[in-house]
Amino acid sequence: MTTQDEAVLARNDRYVREFVEALQLCPYAKVCRESGKLHRRVVRSREAALPAIREIEAMPEDAVEVALLIFPDEPADGEPSARAFEAFCAGLREQMFAAHPGGPPFYCVAFHPDLPCDLQDAPRAVRFIRRSPDPTLQLVRASVLQSVRGPHRGGSRYVDASRLSLEEAMALVSPLSLSERIAEANWKTLGREGRERLEALLASLRNVRDP
């Protein structure tokens, strides 16, 4: 691992600890990290993304629950870059589903420093929660969401896990009412902390660049 890669991983670790965990945006993030089931790696090109995903898919199920593929060389210069990275993620997601007709072992969501900041309601705030110092693909093991209790007539229902963030995914393990409370709690936390302070915090993490 190069010194530059170590700096990228250190920057991401600060983001996880000082933003996600400190604000309690995902109640499972700290447990996942401390249990050793968070896997992180630096990816220097889009072409290397799918091979990296295949390697992670081949890892033992009990070895990794969440993986973060960090792309420090991706453009991060405004919302067009964020939209392009989301489109790249969507293309990878299609390839993952095509390779696993019964459903891939992981689903994939894009994080990016230039995703919109809209805190007007809980659903819109999710995209702000997906801001990160570097463009990042988040893989969460799909078995976490095999079946979810829904409000309709009892029984189980299945969801498109590829469209959820980690905090939504983990919240959905619990009854829907708890999921709604977690989403609302995150939104209230963001509102209480204030947009300017949170944007400054994310900017400070983003500006810790490679040596």
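Taken together, the residues in region 39-77 that are of a type in the set (Lys, Arg), over 17 Å from the mean Cα position of the chain (by Cα) and within 19 Å of GLN4 (Cα to Cα) amount to 2. Annotation note: Cβ proximity below 7 Å between a residue of region 191-211 that is closer than 17 Å to LEU115 by Cβ and modelled with pLDDT of 85 or more and a residue that is part of a helix (DSSP H, G or I) and among the hydroxyl-bearing types (Ser, Thr, Tyr) (sequence gap 6+ or interchain) occurs for LEU205/TYR15.
I'm trying to understand the selection: among the residues of region 97-114, which are out of contact with any Lys or Arg (no Cβ under 9 Å at 6 or more places or on another chain) and either small (Gly, Ala, Ser) or in a helix (DSSP H, G or I) (or both)? Across region 97-114, the qualifying residues are PHE97, ALA98, GLY102, GLY103. Any residue in region 148-168 that is in contact with a Cys (Cβ under 9 Å, 6 or more places away or on another chain), closer than 27 Å to LEU9 by Cβ, at pLDDT 90 or above and not in a strand (DSSP E or B)? No, the conditions are met nowhere in region 148-168. Cβ separations smaller than 6 Å between residues 6+ apart or across chains give the following pairs from region 78-100 residues that are farther than 16 Å from ARG131 by Cα to residues that are assigned to a helix (DSSP H, G or I) and among the hydroxyl-bearing types (Ser, Thr, Tyr): ARG93/SER162. Reported count of residues in region 101-110, each being touching a Cys at 6+ places or on another chain (Cβ under 9 Å) and without any contact (Cβ under 8 Å) to a residue 40 or more places away in the chain, is 1. If you go through region 1-57 and keep only what is assigned to a loop (DSSP other than H, G, I, E, B) and either surrounded by 15 or more Cβ atoms within 10 Å (Cβ to Cβ) or not hydroxyl-bearing (Ser, Thr, Tyr) (or both), you end up with MET1, ALA22, LEU23, GLN24, LEU25, CYS26, PRO27, TYR28, GLY36, LYS37, VAL43, ARG44.
The values are calculated or read from the model by the stated rules, or taken from the named source; none is laboratory data. The structure displayed is predicted, hence computed values, not measured ones. We place every Cβ from the backbone using ideal geometry, glycine too, and count neighbours over all the protein chains shown.
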